[in-house]
Amino acid sequence: MKKILLTGGGTAGHVTPNIALLPHLKEAGYEISYVGSYTGMEKDLIEAQNIPYYGISSGKLRRYFDPKNFSDPFKVVKGLGQAIRLIHKLKPNVVFSKGGFVSVPVVLAAKFCHVPAIIHESDLTPGLANKIAIPCATKVCCNFPETMKYLPPEKAVLTGSPIRRELLSGDAAAARKLCGFDEGRPVLFVIGGSSGSVIINNAVREALPTLLSKFQVIHMCGKGNLEPTLAPTKGYHQIEYIGRELRDIFSMSDIVVSRAGANSICELLALHKPNLLIPLSAAASRGDQILNAASFEKQGFSMVLMEENLTTASLIAAVDQLYADRDKYVQAMKDSRQMDSIDMIVNLIKDVSK
């Protein structure tokens with residue numbers, strides 16, 4: 001039996017594509033192990049899949065000044081040593097990395113140990129962690145056609161993003177029961193990212209009186225971001241983080257407001273859900289979500305509202321317009337040439353395995 005070592009963490013977008021691959025890797029006969037950080041969200045998500053999990057030291061690599069910039073490189077070096085020892089112990093035939101800072105020492109260790117490594121870059125332009133890891137990778141998968149020009153031609157493979165197949169088989173009735181929603185009224189699903197978004201949360205709550213006159217609203221607001229005073233509001237259901245219920249909630253939802261993380265928007269595309277994207281601002285990020293959103297807007301898959309322009313009034317107007325034009329967006333997504341990402345990636349893994 002061949003062995004594969006998966007890595008990636010820090011956000012749900014660096015973990016859920018790996019989870020999407022798990023049943024297909026098992027079918028292909030791979031013994032699977034996972035390397036992540038000691039206490040990142042990936043630990044709970046992967047252990048829930050009954051996959052052996054190994055935590056290593058990881059440090060964040062920043063483009064801006066921070067006192068931790070002086071100590072975190074030592075954490076990366078420590079993580080590299082731990083990853084080398086793990087690879088010697090587990091003897092994987094291949095490493096697959098979904099990115100995030102914890103993946104850097106693992107990919108570097110794979111190169112040191114002469115184990116082929118495949119990287120997946122979800123965003124339109126490679127993030128810092130993947131930029132560091134790309135020279136050590138055998139192949140680099142990407143999500144957007146525009147990304148190919150940023151990658152070494154001999155390594156780049158356009159695959160799209162692995163989407164969990166179970167998302168395609170949700171139960172809308174189960175979600176309505178969970179939320180206490182009526183069957184006859186449209187549902188707006190608001191996703192502020194796996195850790196939530198204060199600015200989106202505030203805008204949605206300020207707009208609630210108007211939104212609830214037309215929609216029932218389910219709001220994923222992030223851990224610690226529930227608003228107790230709104231708990232009894234009819235037609236409004238707030239939740240910190242959505243796990244297994246996500247497929248049911250997607251099935252129930254008519255339109256979606258979301259951040260523009262690559263994994264999230266690829267799920268929306270696969271599900272043909274009309275969506276309004278509010279990308280994380282350039283002031284708070286490297287601008288990857290802005291590029292992701294622009295690509296989807298250009299292809300006719302999404303409406304975009306920049307965070308700098310987000311107000312109660314602009315949110316209400318955009319949601320109303322999205323709902324009015326929902327059929328147009330559904331058709332554009334149905335007409336897209338979406339790739340079978342999982343089969344492509346699993347075949348690539350087979351090809352490069354030692």
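All of the numbers you see were taken from the coordinates with simple rules; none came from a lab. What you see is a predicted model, and the numbers here were worked out from it, not measured in a lab. Backbone-built Cβ (ideal geometry, glycine too); neighbour counts: all protein chains shown.
Things to note:
- Both the radius of gyration and Dmax for segment 137-227 are 19.1, 54 Å, in that order, over alpha-carbon atoms.
- Max mean-square fluctuation residue, GNM over the chain, Cα-Cα springs under 10 Å, options Gln331, Gln299, Gln49: Gln49
- Shape category assigned to segment 166-334 from the gyration tensor of Cα positions, a/c cut at 1.5: rounded
- Compared with the direct C-alpha span, the chain from Arg185 to Ser213 gains 9.1 nm at full extension, assuming 0.36 nm per residue.
- Segment 135-199-segment 206-220 distance, computed between alpha-carbon centres (Å): 23 Å
- In this structure the amide hydrogen of His219, modeled in the peptide plane, comes within under 5 Å of the amide hydrogens of Val190, His237, Gln238, Ile239, none closer than 5 places in sequence on its chain.
- Where a label projected 7 Å from the Cα of Tyr38 along Cα→Cβ would reach, residues of segment 77-104 with amide N under 12 Å: 79
- Cα long-axis angle, helix 262-271 against the chain (0 to 90 degrees, to the nearest 10): 60 degrees
- Neighbourhood charge, 11 Å Cβ-Cβ cut-off, centred on Pro92 and excluding it, Lys, Arg +1 and Asp, Glu -1: +4
- Computed from point charges on the beta carbon alone (+1 for Lys and Arg, -1 for Asp and Glu), the dipole magnitude for the chain about its Cα centre is near 1260 Debye.
- Over the chain - Rg/Rh using Cα atoms and the Kirkwood inverse-distance radius: 0.97
- Contour excess over end-to-end distance, with Cα ends at Lys26 and Lys298 and 0.36 nm allotted per residue: 94.2 nm
- Theoretical gain in end-to-end length, Asn225 to Ser314 [0.36 nm per residue, Cα-Cα removed]: 29.8 nm
- Annotation: the residues Arg244, Arg326, sorted from fewest to most other C-beta atoms within 10 Å of their own C-beta, follow the order Arg244, Arg326.
- Backbone phi angles across segment 141-150, fed through the Karplus curve with coefficients 6.51, -1.76 and 1.60 (θ = phi - 60°), yield HN-Hα couplings of 7, 9, 9, 10, x, 5, 6, 4, 6, 8 Hz in residue order; Gly and Pro are listed as x.
- In nm, spacing of pseudo-spin labels at Gln321 and Asp335 (7 Å Cα→C-beta vector): 2.0 nm
- Candidates Ser285, Ser57, Ser295: whichever shows maximal mean-square fluctuation once the chain is modelled as a Gaussian network with Cα springs under 10 Å: Ser285
- With a threshold of 28 Å on the Cα-Cα distance, the over-threshold entries among Lys43/Lys214; Lys2/Lys75; Lys3/Lys78 are Lys43/Lys214; Lys2/Lys75.
- Whole-Å distance, taken between Cα centres, linking segment 75-122 and segment 271-336: 35 Å
- For the chain, built as a Gaussian network whose Cα springs stay under 10 Å, the top-fluctuating residue of Lys177, Lys98, Lys111: Lys177
- Dividing the summed -39500 (n - 2.57) terms of all DSSP H runs of n ≥ 4 by the residue count of the chain sets its mean residue ellipticity at 222 nm at -11500 deg cm²/dmol.
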